[in-house]
Amino acid sequence: SVPKLKPFDGWPVTFTAPLSAASQVSFPAAGAYTLRVTVTDGLLSSTDDVVINVQSAPNRAPTVSAGADKTITLPASASLTATATDDGLPNSKLSYNWSLIQGSGATFTSPLSAATQVSFPAAGAYTLRATVTDGQLTASDDVVITVQSAPNRAPTVSAGADKTITLPASASLTATASDDGL
């Protein structure tokens, strides 16, 4: 006798071996599926039904990376991009939010986007957090930006234009200089 498996209630399920006693069954969606097995000896047949209740996969929190820690030198700003993956539940939409966790005065150009630019008011260590939500569940990751002071640069100086004088005259000279303040 050869068993024959088939969906009894009309749902489009897939059997790996519909003519075997054992088969794997793939289901297209959540719901209750009634499957019928029919066994025949060539003259007579017998059937039995089984109900398989398929549940939706549970929503899982997204995973997020705020990127690698960075060191920058003032007056530079940092470009940050958060990357996230999700199971698509409940609606395949992710929302981003960047926030300052440690340090003060940093400003974000696009705090509600995956990618943002951050400006820093002074040297120091700043911890920034990327938070991602799928509408139900939330995940976050931190990135540390170490901001260094600008290096001291030598002042620039000008002694003025070259001059030619005739004795006994004197020369009047004025130098100008600029500095980075360090």
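Count, please, the residues in the range 114-137 that happen to be assigned to a loop (DSSP other than H, G, I, E, B), open to solvent by 50 Å² or more (accessible area, probe 1.4 Å) and free of Cβ contacts under 8 Å to residues at least 40 places away in the same chain.
1
Take V132 and decide whether it is among the aliphatic types (A, V, I, L, M), farther than 30 Å from A30 by Cα and either more than 14 Å from the chain's Cα centre (by Cα) or at pLDDT 95 or above (or both).
So V132 fails the test.
All but one of (1) in a loop (DSSP other than H, G, I, E, B); (2) in contact with a Lys or Arg (Cβ under 8 Å, 6 or more places away or on another chain) hold for I145; which doesn't?
So the condition that I145 fails would be (1).
Which is modelled with pLDDT under 90 and more than 17 Å from I145 (Cβ to Cβ), of A22, A84, A32?
The unique qualifying residue is A32.
Look at G160 and say whether it is open to solvent by 60 Å² or more (accessible area, probe 1.4 Å) and at positive phi.
no
Cβ-Cβ under 8 Å, sequence separation 6+ or interchain: first residue in the range 53-71 and more than 18 Å from L128 (Cβ to Cβ), partner assigned to a loop (DSSP other than H, G, I, E, B) and open to solvent by 90 Å² or more (accessible area, probe 1.4 Å). Which pairs?
N59/Q136
Mind checking whether some residue in the range 147-157 is open to solvent by less than 50 Å² (accessible area, probe 1.4 Å), modelled with pLDDT of 95 or more and farther than 26 Å from A61 by Cα?
yes
Quick check on the range 77-86: of everything there that is in a strand (DSSP E or B) and buried (at least 17 other Cβ atoms within 10 Å of the Cβ), which residue is nearest to the chain's Cα centre (by Cα)?
Looking at residues that are in a strand (DSSP E or B) and buried (at least 17 other Cβ atoms within 10 Å of the Cβ), I get A84.
Part of a strand (DSSP E or B) and under 24 Å from D180 (Cα atoms), is that true of A161?
no
Just to check your reading of the model, which residue among L94, L74, L89 is in contact (Cβ under 8 Å) with a residue 40 or more places away in the chain, over 14 Å from the mean Cα position of the chain (by Cα), surrounded by 13 or more Cβ atoms within 10 Å (Cβ to Cβ) and closer than 24 Å to R60 by Cα?
L89
Pairs under 7 Å by beta carbon, first residue open to solvent by 50 Å² or more (accessible area, probe 1.4 Å) in the range 29-42, partner among the hydroxyl-bearing types (S, T, Y) and part of a strand (DSSP E or B), six or more apart or different chains?
R36/T47; V39/S45; V39/S46
The values are calculated or read from the model by the stated rules, or taken from the named source; none is laboratory data. Computed from a prediction, not measured in an experiment: that's the story for all the values here. Neighbour counts run over all protein chains shown; Cβ positions are idealised from the backbone, glycine included. Heavy atoms of the whole protein, side chains included, go into the accessibility calculation; ligands, DNA and RNA do not. Shrake-Rupley method; radii C 1.70, N 1.55, O 1.52, S 1.80 Å.
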